[in-house]
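Here's the structure, in structure tokens; my notes come after.
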Protein chains: 2
Amino acid sequence: MSSIKYALLSLLAREPLSGYDMKQQMNGRVSFFYKINNNQLYPTLAKLEAEGLVRLESHERESYRPARKVYSITDKGVEFLKDWVLEADEPRALDDFMLKQYNSWLVEPEAMIGVLRAKRTEHEERLRIYRAKIAGFREQQAVFPGRDPLFSSIAVIEMGIRNEESYIEWCDRVIEALGRDEI
Amino acid sequence: MSSIKYALLSLLAREPLSGYDMKQQMNGRVSFFYKINNNQLYPTLAKLEAEGLVRLESHERESYRPARKVYSITDKGVEFLKDWVLEADEPRALDDFMLKQYNSWLVEPEAMIGVLRAKRTEHEERLRIYRAKIAGFREQQAVFPGRDPLFSSIAVIEMGIRNEESYIEWCDRVIEALGRDEI
DNA sequence: GCTTGCATGTAAGCCGTTACATGATTTT
DNA sequence: AAAATCATGTAACGGCTTACATGCAAGC
């Protein structure tokens, strides 16, 4: 039900990793700006192992530290993930920023313009990060067939870019309307 | 913490409503396509009342039915909502569809094209709904100053329109790339 | 006669968040 | 001397979902 198990499988479908690695890679891959916490991560990994979707590959103790447990995805895990990819997905949860906008009429226009300018800056920053990321990917290889993980990574980031661009355009439009006092 | 309380306050900031009304209005207003359930709705309303952010306005029993409890927002509730609007918001949860796309390389391109075409159709449908909604709003009034609820409603729907448009463009682009086997 | 609509609510269980715990090494 | 890094995990709490419960009226 929860999408965290799929997020973990998504990372392992590309390369074997430890729980700690997955935590690091979560941002910058599956979703930038999303932070997983330990109490989701470790019990979920244990469950995935119990279900045979994931296998403990190595368990190397390095002197003082807790043993680093590297997991890899099983064939069953890959099938499970593929089936999920083809499923229809459920409606998304409420978007807090949009909910706030729905109430913007309660607030002084000047204050609202301040909020929107801050948002605009934030989304410009994200856009810059996405563009840098995609440029890096494109250097790695000239042609990406449909079954290459890079193909998927690029597609996801392109969606991010489009979203940020339309967000920024929208901010500009609303800021301008608030300045004119009409839309 | 949870955004449901703000969603309920958002509706009550515009007009007094019963819990049942809020459930109906949730879709088509704050967020299309999101469904609130009873066990969030009624206890949350009770809490809002206990906190003095909301007031029971009438409690009309109509023969056989449970009494219809109409709530209105208090001044304290409006202040609370305004303060929240000006707060910075937290990073969003994982987007299931994007997570699926991140794994598209595991799936046969033909199957993926099928999924994307279905998504495209779904988002075209949403776009049609948003455009109809905004056309309806624009008929109601010629000019909308910044402090009018209609201003906010229109801004939210315009964001929806932009999002759907870029989603559709992105689907087209990826479908085309999958057909060519490159991006 | 069955389903849908109106209108409120509760119970059980899973999911997610914040905070805590351990403990040596490296960086500031 | 303090904080961050590596690396695993647990405890407590609150949020959210699914399902259930009531009960009459109107439409198919």
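The values are calculated or read from the model by the stated rules, or taken from the named source; none is laboratory data. Quantities reported herein were computed from a predicted structural model and do not represent experimental measurements. Backbone-built Cβ (ideal geometry, glycine too); neighbour counts: all protein chains shown. Ligands, DNA and RNA are stripped out before the accessible areas are found, and what is left, the full protein with its side chains, is counted by its heavy atoms. Shrake-Rupley method; radii C 1.70, N 1.55, O 1.52, S 1.80 Å.
Structural remarks
- Annotation: of all residues in the stretch A:1-16 being among the hydrophobic types (A, V, I, L, M, F, W, C) and assigned to a loop (DSSP other than H, G, I, E, B), the one that is nearest to DNA strand C (Cβ to nearest atom) is A:MET1.
- Of the residues in the stretch B:58-71, at least one is of a type in the set (A, V, I, L, M) and under 23 Å from the mean Cα position of the chain (by Cα).
- Here A:LYS82 passes the criteria (1) modelled with pLDDT of 95 or more; (2) not assigned by TED's automatic domain parsing to the domain that holds A:ALA13 except the one numbered (2).
- Unmet criterion (only one of (1) assigned to a helix (DSSP H, G or I); (2) farther than 24 Å from A:SER10 by Cβ) for A:LEU45: (2)
- Extreme residue, farthest from DNA strand C (Cβ to nearest atom), among residues of the stretch B:17-59 that are within 11 Å of chain A (Cβ to nearest Cβ) and crowded, with 17+ Cβ neighbours inside 10 Å: B:SER31
- Residue satisfying all of: in the stretch A:25-45; more than 7 Å from DNA strand D (Cβ to nearest atom) and either among the hydrophobic types (A, V, I, L, M, F, W, C) or over 20 Å from B:ASP96 (Cβ atoms) (or both); farthest from the chain's Cα centre (by Cα) among these: A:LEU41
- Residues satisfying the stated conditions in the stretch A:72-83, i.e. in contact (Cβ under 8 Å) with a residue 40 or more places away in the chain and under 7 Å from A:VAL54 (Cα atoms): A:SER72, A:ILE73, A:GLY77
- Filter result for B:ALA155 (surrounded by fewer than 15 Cβ atoms within 10 Å (Cβ to Cβ) and either within 10 Å of another protein chain (Cβ to nearest Cβ) or assigned to a helix (DSSP H, G or I) (or both)): no
A quick yes/no check of all residues on (1) touching a residue at least 24 places away in the same chain (Cβ under 8 Å); (2) within 10 Å of DNA strand D (Cβ to nearest atom); (3) touching a strand residue (DSSP E or B) at 6+ places or on another chain (Cβ under 7 Å); (4) farther than 30 Å from B:ILE154 by Cα:
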{"residue": "A:VAL70", "(1), (2), (3), (4)": "yes, yes, yes, yes"}
{"residue": "A:VAL85", "(1), (2), (3), (4)": "no, no, no, yes"}
{"residue": "A:ASP89", "(1), (2), (3), (4)": "no, no, no, no"}
{"residue": "A:LEU94", "(1), (2), (3), (4)": "no, yes, no, no"}
{"residue": "A:TYR102", "(1), (2), (3), (4)": "no, no, no, no"}
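- Candidate set: the stretch A:60-78, residues that are charged (D, E, K, R) and surrounded by 13 or more Cβ atoms within 10 Å (Cβ to Cβ); chosen: the one modelled with the lowest pLDDT: A:ARG68
One line per residue, one yes/no per condition, for (1) open to solvent by 10 Å² or more (accessible area, probe 1.4 Å); (2) more than 9 Å from chain A (Cβ to nearest Cβ):
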position: B:LEU81; (1), (2): no, no
position: B:ASP95; (1), (2): yes, no
position: B:LYS100; (1), (2): no, no
position: B:GLU108; (1), (2): yes, no
position: B:ARG126; (1), (2): yes, yes
position: B:GLU139; (1), (2): yes, yes
position: B:LEU150; (1), (2): yes, no
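- B:ASP95 being of a type in the set (Asp, Glu) and at pLDDT 95 or above: no
- Qualifying residue in the stretch A:116-128 (condition: among the hydrophobic types (A, V, I, L, M, F, W, C) and touching a residue at least 40 places away in the same chain (Cβ under 8 Å)): yes
- Residue match in the stretch A:165-178 (condition: touching a Ser or Thr at 6+ places or on another chain (Cβ under 8 Å), modelled with pLDDT of 95 or more, of a type outside the set (Val, Ile, Thr) and not assigned by TED's automatic domain parsing to the domain that holds A:LYS82): yes
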